[in-house]
Structures are given as C-alpha cells and as structure tokens.
Amino acid sequence: MNTIDTAIRATADRPGPIGVFDSGYGGLTILRRLRAAMPEADFIYLGDNARAPYGSRSFDLVYRFTLEAVRYLFARGCPLVILACNTASAKALRTIQQTDLPDIAGYRRVLGVIRPTAESVDGATASRHVGLFGTPGTVASQSYDMELGKLAPDITLSSYACPMWVPLVENREYDSPGADYFVKKDIDALFAADSEIDTLILGCTHYPLLIDKIRQYVPSGVRLLDQGKIVADSLADYLLRHPEMDRLVTRGGTTEYLTTEDARKFSDMASVFMASPAEAARISDLTKL
Ligand code: DGL
C-alpha cells in the first residue's frame, strides 16, 4: 500500500479542512467566496499549475489528474473536496462520485460547481436566452446543456469555447492588450450567434480574473453570474443539510496553499487575489505524501 492509501485510511472519520481543487489559479475565485462565507472554516487549496490548462485535455487525463488531486487532499485529511473547476466537474466528478468514492472511504465527499450554477440560472434570466463561456472540454461535455435541460428546459443555451482565456490567466497576461483581443473576439462571436442573451455563465473559474475586460465588452444589461458566490451559498446549504459532514470540518480559520508549480509565483498571485498574505508550498508529485 502506498503512502497516500495509508494516510487516507489513517485520517478516516477524523475532522479536517475543506479541500478546494483547481487546475491552477482559477479556483481562487471560488475560495475567495468560500472564505468570506465561512471565515471560521479551515481550507487547503491545491492548484495543479504544472499541468494546467486542463481545458483542452482528454477525458481520461482530466479524470486521472483530478482523481490524483482528490486522493491527495483526502490523504491530507480533508473530509470534503470542492472541485472548484468546471472542466474537472464536467469530466471527472461523476466517475469519481460513482466509481471511486465508495472504494476510497464511504463518508468523504466530492462536490462540483456545475450543478449549483445551473440551478441559479432559472431565476436569473427573463429572456430565457443564456450564454455560456467555458473551456473546450466543458463546452464539448455539454454538462450545462444537460443540467439546464433537466432544470429549465425552456431555456435556450448558447455555448462558446474560449481556449485562450485560461492560458492568459495562467501566464498572468490577464491585463494585457492580448487579453482585450481574445476576450472581445469571443464575446462578439457569442452575441452574434444569439443577441437575446440576457444572462451569462462564466463557466470556468479562471474567467473572473478577466472580469474587467469581460465587463468592458459584454453588452450592457447582460447579467454575469457570480459562480463563486453561488458555490459558497450552495456549500453552506449542503453543510446545513448534512450535519454529519459539517461536524467533520475543522474551524481554525486557516488556509493552506499548495501548487504543483513554482511556490513563489503562486504565493504572489494568491496574495494579490485573496487580498491577504498567502504562502504557498510546492508539491512535486501528487501520488506521494
Ligand atoms: N478553472 C478551470 C475551469 O473552471 C479549468 C481551466 C483549465 O485548466 O483549462 O474550467
């Protein structure tokens, strides 16, 4: 048995921090809202920056990388992991929940971001025309189409994949003229396809880091859904309905930051974005502790 399996067993049924996972920096947009909503909870954030972006990768790879991250966070004692990544939620969540979780440890849970976001759409749109920006993987998975098809079948969803937006964020070019070019081009294309859109899902957790540019080019009056707030509200509700999980969340108000890439770079970005000093540590291999 390797160290990850041993640690998962050793921490079984013990309280621990909430794990928050993303391919890179994007999940910080979710963590920021989770922290604000649950300031007393402990969190571990893990960004797989070394292997980002996930958005153009195959189903198998996104699933394998996400499972590694989930197992790593479980081994670090997390009873609950939030996939703060639409691509991982679209491509890996269901298989992990149905196939892997029962074997790993029955009481631990993994939650995603797509379902709560889709649930918030129905009450937000008046025109019943909704736009979605996402990674190529999220858009191709049709996860939002399927969720909305069940929740609000009268809504027309127009989706548009933006393969350049995540690399702009991961390379910290989100303020550059290059960002203006790609953001404007993709927004123009989506609204040319459906000019009745009144509500926009930013279906990738990296995209709020481009929010100033997005606001600049989106037609006025269009509502931008705040996925971080939606996920934070949904988690608070989940913990209310699941006191057995709520009891397993430790409450020391701490946040630990882990990245598979350069710790200095991650600390700089996270400190700015979280508006408080963030000291990250580098994990070179998610399959070992
Ligand atoms: N932040 C992720 C998402 O929400 C994925 C970005 C990527 O790695 O392509 O989809």
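The values are calculated or read from the model by the stated rules, or taken from the named source; none is laboratory data. Just so it is clear, the structure is predicted and the values come from calculations on it, not from any experiment. Don't worry about glycine lacking a Cβ; one is built from the backbone with ideal geometry, like all the others, and counts go over all protein chains shown. Side chains are part of the model used for accessible areas, which takes the heavy atoms of the whole protein and leaves out ligands, DNA and RNA. Shrake-Rupley method; radii C 1.70, N 1.55, O 1.52, S 1.80 Å.
Could you tell me which chymotrypsin sites (Phe, Trp or Tyr not before Pro) in the range 85-149 are loop residues by DSSP with no more than 13 other beta carbons within 10 angstrom of their beta carbon?
Listed in order of number, the matching sites are Tyr107.
Using the alpha-carbon centroid of each, what span in Å lies between the range 194-211 and the range 45-60?
21 Å
Over the range 107-181, what is the mean sequence separation of C-alpha contacts under 8 Å (at least six apart), divided by residue count, expressed as relative contact order in percent?
Reported relative contact order: 33 percent.
Note down the relative contact order for the chain as a percent, whole number, built from C-alpha pairs under 8 angstrom at least six residues apart.
Relative contact order, the chain: 28 percent.
For the range 16-144, max minus min Cα coordinate along each principal axis, in Å, sorted largest first?
Between the extreme Cα coordinates on each principal axis of the range 16-144 lie 46, 36, 28 Å.
Listed highest first by mean packing, meaning other Cβ atoms within 10 Å per residue, what order do 252-263, 24-35 come in?
Top of the packing list down: 24-35, 252-263.
Could you give the length gained on full extension between Asp180 and Arg9, defined as 0.36 nm per residue of separation minus the Cα-Cα distance, in nm?
Stretched out fully, the Asp180 to Arg9 stretch lengthens by 56.7 nm.
Can you list, bin by bin at 10 Å, the percent of alpha carbon pairs in the range 150-280, starting at 0?
Pairs per bin, as whole percents: 10, 31, 31, 22, 7.
Projected area of the range 138-194, taken from the Cα convex hull and averaged over every viewing direction, in nm²?
Mean orientational projected area (the range 138-194, Cα hull): 4.6 nm².
May I ask you to derive the FRET efficiency for Asp154 and Tyr217 from their Cβ-Cβ distance with R0 = 30 Å, giving the value to the nearest 0.05?
Calculated transfer efficiency: 0.60.
Is the C-alpha gyration tensor of the range 247-289 telling us rounded, prolate or oblate? Criteria: a/c under 1.5 is rounded; beyond that, a/b larger than b/c is prolate, otherwise oblate.
Oblate.
So what is the accessible area of the chain per residue, in Å², with the probe set to 1.4 Å?
It amounts to 42 Å² per residue over the chain.
Mind ranking 208-214, 234-240 by how tightly packed they are, going by the mean number of other C-beta atoms within 10 angstrom, highest first?
Descending packing order for the listed peptides: 208-214, 234-240.
Please report, in Å, the Rg and the Dmax of the range 214-280, where both are computed over Cα atoms only.
Considering the range 214-280 through its Cα atoms, Rg and Dmax are 16.9, 45 Å.
In nm, give the distance between the simple-model label positions of Asn171 and Arg251, each being 7 Å from the Cα along the Cα-to-Cβ direction.
4.5 nm
If you take the charge dipole of the range 190-289 about its Cα centre, with +1 on Lys and Arg Cβ and -1 on Asp and Glu Cβ, which of Ser234, Thr287, His206 is farthest toward its positive end?
Thr287
I need the calculated FRET efficiency for the pair Ser271 and Asp194, taking r as the beta carbon distance and R₀ as 35 Å, to the nearest 0.05.
E(calc), rounded to 0.05, equals 0.35.
Per the Cauchy relation, a quarter of the hull surface: what is the mean projected area of the convex hull of the alpha carbons in the chain, in nm²?
So the Cα hull casts an average projection of 14.0 nm².
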